Amino acid sequence: MKIALIGAGRIGKVHAQAIHSHPNVTLAAVADFHQPAAEALAEHYASRAVSMDEIFADDAIDAVLIASSTPTHAEYLERAARAGKAILCEKPIALDLARTRDALQVLSEHPVTCALGFNRRHDPQFSALKKAITEGRIGALETLTIISRDPSPPPAEYVAESGGLFRDMMIHDLDMARWLLDEPIESVFAVGSSIIDPAIGEAGDVDTAMVTLTTTSGKLCQISNSRRANYGYDQRIEAFGSQGMLQAQNESDTRLRFTGEAGQVEEKPKWFFLERYAEAYRLEIGDFVDAWREKRAPLAGAQDGLEALRLADAAERSLREGRKILLQADANLDK
């Protein structure tokens, strides 16, 4: 598979490394609005820097990986679909439901393999957790707890353009909740505060939030997010069921634990998502390539992006209105 990469920034570099690591994939081209960044990344992987138009016009390119700024995702996704190219698009497709639905309509008219960058589904620990739940190892799943904390808050100027904590950060956890619960979510209730960085509050966002999801059968999921954890990237999941409990723990460099007379000491978690999910990004590329070759759905697709965004919108609305938001599986939030 020959993949063109759109976006040569931080996340683009992560994807370039993942593409390079796959034995049956070639980084065919790199494009970025900042031409020097595209040229530098292309040179590093013996590829070539091209324009956006060249990518979509080149019949030798099989797929496009969209890792550009969020406001460009939907447009590039649509152009790739119309050009008949497979797509791996970073989340979210767009920051609003209407624009996301427009992009999905184009996909329905121009069907191609389309994966969405919910890379956590590919994480080995989380995949093992999902498999154990599906196999009934803890009986019937009853409650799910997801903890996700960044090591430090982003700049306020980033917050103002990100779509907010629910769409930018928690959307990964909302997707994990959907994937692990595996049944329709009936209601969303959110609380949040800006207690870490006053500039985030001034930008109209929160830096600390908790959301409770309730499924149609009564399963409960609590998601806890914070923009600051001074010990590193805190990523944990607990699944509790009728016959036991499963826990996915933080990753450290060696998972080494020292035990002595004074107690136990473990290494800090890996610092941020680049380190924590490096393997997940690599496996994500593998699933994308296999889905394209086998003409099957990828592990996370465009519809998953739409559903996670619906939950993020519901969480924001719940916070704003101070009440539980009731959902229907196929309903718009404004109904």
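Considering only protein heavy atoms, what per residue accessible area in square angstrom results for segment 165-260 with a 1.4 angstrom probe?
44 Å²
Determine the percent antiparallel among the DSSP beta bridges restricted to the chain, to the nearest 5.
60 percent
Would you please name the trypsin sites (Lys or Arg not before Pro) within segment 168-256 that are DSSP coil residues with at most 12 other C-beta atoms within 10 Å of their C-beta? Present the calculation step by step, with values, prior to reporting the outcome.
Working: sites: Arg178, Lys219, Arg227, Arg228, Arg236, Arg255; in loops: Lys219, Arg227, Arg228, Arg255.
In loop regions of segment 168-256 (DSSP not H, G, I, E or B), the sparsely surrounded trypsin sites (Lys or Arg not before Pro) are Arg255.
Could you tell me the accessible area of Lys268 in Å² (1.4 Å probe, neighbours in place), rounded to the nearest ten?
We get 140 Å² for Lys268.
Could you give me D for segment 181-335, from Stokes-Einstein at 4 °C and 1.567 mPa s, where the hydrodynamic radius is the Kirkwood radius over C-alpha pairs? Units µm² s⁻¹, please.
So the translational diffusion coefficient is about 69 µm²/s.
Could you run the Karplus curve 6.51 cos²θ - 1.76 cosθ + 1.60 with θ = phi - 60° over segment 263-269 and give me ³J(HN,Hα) per residue in whole Hz, x for Gly and Pro?
Values per residue, Gly and Pro as x: x, 10, 10, 10, 5, 5, x Hz.
Straight distance only, please: which lysines reach the Cα of Lys85 with their own Cα at less than 26 Å, same-chain residues fewer than 8 apart left out?
By straight Cα distance, Lys85 reaches Lys2, Lys13, Lys295.
Okay, helix-only estimate at 222 nm for the chain: each DSSP H run of n ≥ 4 adds -39500 (n - 2.57), divide by all residues, round to 500 deg cm²/dmol; what do you get?
-11500 deg cm²/dmol
Could you tell me how many degrees, from 0 to 90 and to the nearest 10, lie between the Cα long axis of helix 73-82 and the main elongation axis, the longest principal axis, of the Cα atoms of the chain?
For 73-82 against the chain, the angle is about 50 degrees.
Using θ = phi - 60° and the Karplus form 6.51 cos²θ - 1.76 cosθ + 1.60, what ³J(HN,Hα) does each residue of segment 18-30 get, whole Hz, x for Gly and Pro?
So the J values, rounded to whole Hz, are 5, 4, 4, 6, 7, x, 10, 10, 10, 7, 7, 6, 10.
Name the long-range amide H neighbours of Cys114: under 5 Å, sequence gap of 5 or more, or other chain; modelled H, no Pro or chain starts.
Amide H neighbours of Cys114, under 5 Å, 5+ apart: Ile87.
Lys270 accessible area, nearest 10 Å², 1.4 Å probe?
50 Å²
If you line up the Cα atoms of segment 208-289 on their principal axes, what length do they span on each, largest first, in Å?
48, 41, 31
Could you please state how large a percent of the accessible area of the chain is carbon and sulfur, counting protein chains only and using a 1.4 Å probe?
Numbers: 7620 of 15320 Å².
After summing per-atom areas, the C and S share lands at 50 percent.
Could you report the accessible area of Ser187 in Å², rounded to 10, computed with a 1.4 Å probe on the protein chains as they sit in the structure?
10 Å²
Taking Cα pairs under 8 Å and at least six residues apart, what relative contact order does the chain come out at, in percent?
The value is 19 percent.
Provide the per residue accessible area, probe 1.4 Å, for segment 1-133, rounded to a whole number of square angstrom.
Accessible surface, normalised per residue, equals 40 Å².
Order Arg82, Arg276, most accessible first, counting only protein heavy atoms with a 1.4 angstrom probe.
The residues order as Arg82, Arg276, largest area first.
The values are calculated or read from the model by the stated rules, or taken from the named source; none is laboratory data. These numbers were taken from a predicted model, which means no experiment stands behind them. In this analysis, Cβ positions are derived from the backbone assuming ideal geometry, glycine residues included, and neighbour counts consider all displayed protein chains. The protein model used for the area step is the full one, side chains on, heavy atoms only, and it has no ligands, DNA or RNA in it. Shrake-Rupley method; radii C 1.70, N 1.55, O 1.52, S 1.80 Å.
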